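Structure first, then comments.
The numbers here are math on the coordinates, done by the rules we state, and not lab data. Every value quoted in this text rests on a predicted model; they were computed, and no experiment measured them. Virtual Cβ from ideal backbone geometry, glycine too; neighbours counted across all protein chains shown.
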Amino acid sequence: MDISNGIIKIDNELVVKPNFTFEQFKETKFYNNQDGIRIIYLDGQQIIENRKYIVSLFFLNGKIYMLSLICCEQEYSENDECKRKDLHDIVLHEFGIVDNGKFEWGEIESVYDARSNVSSINIIYYVST
């Protein structure tokens, strides 16, 4: 993960970066006839920087808008899902991000959505037209 330029290497196979397109995604082993309009969940856990994640991609007008990561290094019960955010905060801190990060290419945030009871690291790319 190179936060200086927004490049995220997933399982040494998929490289997501600013302006990554759905057409480029279709050329990877992760493409499985997804349509690029709905959220794309990669099958199984993926390795990023020696950690396991559940990975989702969101495209907007054919370009990457957001990459969502849920770290699976520890198991949490449904009642303790909010504690996963603490793990995500630690992961971001390891990259020098303390209170979420804003960059030229986008933003990185650690969030907990109480309504859906999901914690995630969201990498939001500024979509250029």
Any idea which of Val16, Ser119, Val55 is furthest toward the positive side of the dipole for the chain, if Lys and Arg beta-carbons carry +1 and Asp and Glu beta-carbons -1?
Val16
In terms of modelled amide H atoms, which long-range or inter-chain residues lie less than 5 Å from the amide H of Glu73?
Lys52
Counting sequence-distant residues (5 or more places) and residues on other chains, those with an amide H built under 5 Å from that of Tyr126 are Gly106, Glu107
Return the FRET efficiency for the residue pair Lys102, Asn33: r is the Cβ-Cβ distance, R0 is 41 Å, and the value is rounded to the nearest 0.05.
0.70
For Glu23, the net charge from surrounding residues (Cβ-Cβ under 13 Å; K, R +1; D, E -1) works out to 0
Rounding to the nearest 10 and keeping the result within 0 to 90°, find how far the Cα-based axis of helix 84-94 lies from the longest principal axis of the chain.
70
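If you take the square roots of the eigenvalues of the alpha-carbon gyration tensor of the stretch 1-70 and sort them as a ≥ b ≥ c, do you get rounded (a/c under 1.5), prolate (a/b over b/c) or oblate?
oblate
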Please compute the modelled spin-label separation between Val15 and Val127, points set 7 Å along Cα→Cβ, answer in nm with one decimal.
2.4
Using the number of other C-beta atoms within 10 angstrom as an exposure proxy, rank Phe95, Phe103, Phe25 with the fewest first.
Phe95, Phe103, Phe25
Relative contact order, percent, of the stretch 8-125 when contacts are C-alpha pairs under 8 Å separated by at least 6 residues?
20
Loop-resident GluC sites (Glu not before Pro) in the stretch 26-129 with no more than 16 other Cβ atoms inside 10 Å, DSSP not H/G/I/E/B, are Glu27, Glu49, Glu73, Glu75, Glu104
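Taking a threshold of 21 Å on the Cα-Cα distance, which of the pairs Lys29/Lys85; Lys9/Lys63; Lys29/Lys63 fall above it?
Lys29/Lys85
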Two pseudo-spin positions, 7 Å from Cα along C-beta at Gln45 and at Ala114, lie apart in nanometres by 2.9
HN-Hα J couplings of the stretch 48-54 from phi, Karplus 6.51/-1.76/1.60, θ = phi - 60°, integer Hz, Gly and Pro as x?
9, 6, 6, 10, 9, 9, 8
